[in-house]
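The structure appears below as structure tokens.
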Amino acid sequence: MKKRVVRADEFEVVDEFGHVRMRIGLSGDEHPFFSMLDADGSVRARFGVQADGAAGLAIADDNGKVRATFGLSSDGSASLAFGDKHGRIRAKFGLGSDASPTMGVDVEDGELQHRHKLAEQGTPTMGLYDQRGKVRVRLGLAAGGAPVLRLLDADGTVRAIVGLANDDSPFVQFLEDDGKRPGWTQR
């Protein structure tokens, strides 16, 4: 069988009424994409690749709001995210560029919001967030593996720490306004 190559700037597949239902082409900034449209002409799913190598799939509802995404960033991080009817991301799962797992969940109307991820030192943490999206409580493991509960003020500054030290002795510590200097510690 003889191979053939068809070249064009853009391909469109139309339905029996002449409505574009699929489009393959290059965006205005020359990045390749593949889009699927509903009967009204709204993009419902789009897959694309960026100049830096990032690739992603976005799925929209019938109002054009992106409700789900799946992507791979140029730094190697990968994510799967779900949005509400307003297009706001409410849950996200993925891997960081160092392959550390992340998970986030956001519940509507000021209800409990939590996100799980690995802290900078590579240990697992879970955060509870207020209505503004600011972390207020962080539960996790310290670098040595000891459990630690951190309480944060409205600005995101750590103000109190409760946990076990590396020798498994319990401690409570209150921090100054800067969140760095201990104000009071009990072991």
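The values are calculated or read from the model by the stated rules, or taken from the named source; none is laboratory data. As the structure is a prediction and not an experimental result, all values here were calculated from the model. In this analysis, Cβ positions are derived from the backbone assuming ideal geometry, glycine residues included, and neighbour counts consider all displayed protein chains. These area figures cover heavy atoms from the full protein model, side chains too; ligands, DNA and RNA do not enter into them. Shrake-Rupley method; radii C 1.70, N 1.55, O 1.52, S 1.80 Å.
Label positions at ALA54 and ALA68, each projected 7 Å from the Cα along the C-beta direction, are separated by 2.1 nm. Over all other residues within a Cβ to Cβ distance under 13 Å of GLU12, the charged ones net out to -1, with Lys and Arg as +1 and Asp and Glu as -1. With all protein chains kept in place, the per residue accessible area of segment 22-102 amounts to 59 square angstrom at a probe of 1.4 angstrom. For ILE161, the shell of other residues with beta-carbons less than 10 Å away shows a net charge of +3, using +1 for Lys and Arg and -1 for Asp and Glu.
For HIS31 and MET1, the FRET efficiency from 1/(1 + (r/R0)^6), where r spans their Cβ atoms and R0 equals 35 Å, is about 0.65.
Which of rounded, prolate or oblate describes segment 1-85 when judged by the alpha-carbon gyration tensor and an a/c cut-off of 1.5? It comes out oblate by the Cα gyration axes. The simple spin-label model puts a point 7 Å past each Cα toward its Cβ; for LEU151 and SER97 those points are separated by 3.6 nm. For segment 145-185, what class follows from the C-alpha gyration tensor (a ≥ b ≥ c being the square roots of its eigenvalues): rounded when a/c is under 1.5, otherwise prolate if a/b is larger than b/c, else oblate? Because a/c hits 1.5 or more and a/b exceeds b/c, segment 145-185 counts as prolate. What's the FRET efficiency of LYS85 with ASP40 using the Cβ-Cβ distance as r and R₀ = 22 Å, to the nearest 0.05? Computed FRET efficiency for LYS85 and ASP40 comes out at 0.80.
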